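Let me begin by presenting the structure, written as C-alpha cells, before commenting on it.
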Amino acid sequence: MAQDGRASQTGNFLGGFAKAHISKAHIGKADVRVLLIEDSTADARLIAEFLKGTQLYQFQLTHVERFKEALQRLETTAYEVILLDLTLPDSAGLTSLEQLLILAPSIPVLVLTNNSNPELAMEAVRQGAQDFLIKRQINHEVLSRSLRYAIERKQQAEALRYANEELESRVQARTQELELTNQQLRQEIVHRQ
C-alpha cells in the first residue's frame, strides 16, 4: 500500500483506494485509524470508551485538541475516518469541515456537536460530512455503526469516482482513435478522387 493508505492503481478497473478497501471489505476484525478532533478531554475519553470492544473493527484512536494539530497529523499519518467537533478553540463551525474535506477528500468525516440544530446537520451533510452526531445522544452502538457506515459509504463513493474517471479516460482515448481513423478515411477518399 502507498503511504497515503491507498493501494497502487494497477490492473483492476476499480484500482486505487477502492481496490484496496473493497477487496478486504473489512472482513474480520480490521484495524481502523480514527482521528478525533475534540477539545474536551471528557468527551474524548467517553468516545474512546465507546470504541473499545467492538466486534467488527479494532479502532485505533488518535486524539488531538486543536484543528491545527489535526492538519499536522493528516500530513504524516493515514486515517480511515475523522471525528470532528465543530466547536474548537482554533476553528469553529463548518469552516473546519470544509478545510478537512479539501485536505483529505477520500477520508470520511463525521461531525460531533452539542448543537441539535437540524439545519446545521443538513448543511454539514450537504458539504460532505458522512454523519452528524449529537454528543449527548452517542453511545457505543450508535458511534460504531456510524463509523462503519461512513467508511463503507466513502469507499463505495471512491470506487464509483474512480470507475467514472477510468471510463472517461477510456472514452477519450477511443474518441481520439476514432477521430484519427476518420481523418485517415477522409484523406483516402480525397486521394482516390
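The values are calculated or read from the model by the stated rules, or taken from the named source; none is laboratory data. The structure presented is a predicted model; accordingly, all values stated were derived computationally and were not measured. Please note: Cβ atoms are built from the backbone with ideal geometry, for glycine as well, and neighbour counts cover all protein chains shown. Calculation scope for accessible area: heavy atoms of the full protein, side chains included, ligands and nucleic acids excluded. Shrake-Rupley method; radii C 1.70, N 1.55, O 1.52, S 1.80 Å.
Structure notes:
- Across the stretch 177-188, rounded Karplus estimates of 3J(HN,Hα) from the backbone phi angles (6.51 cos²θ - 1.76 cosθ + 1.60, θ = phi - 60°) give 4, 5, 5, 5, 4, 4, 5, 5, 5, 4, 5, 5 Hz, Gly and Pro being marked x.
- Averaging the Cα positions of each part gives two centres, and for the stretch 101-136 and the stretch 164-193 these lie 46 Å apart.
- Here the stretch 33-53 is scanned for amide nitrogen atoms under 20 Å from the site 7 Å beyond the Cα of N114 along Cα-to-Cβ, giving 36-50.
- The separation of the stretch 48-63 from the stretch 79-95, counted between C-alpha centres, amounts to 19 Å.
- With the convex hull of its Cα atoms as the shape, the stretch 121-160 has an orientation-averaged projected area of 3.0 nm².
- Subtracting the Cα-Cα distance of V125 and T41 from 0.36 nm times their residue separation leaves 27.7 nm of extension gain.
- Given a 1.4 Å probe and the protein chains as shown, T76 ends up with an accessible area of around 110 Å².
- Full extension of the segment from A78 to E152, taken as 0.36 nm per residue of separation minus the current Cα-Cα distance, would add 25.0 nm.
- Cut-off under 5 Å, modelled amide H: who pairs with D131 long-range: V111
- The peptide list 87-97, 168-178, put in order of mean Cβ contacts within 10 Å with the highest first, becomes 87-97, 168-178.
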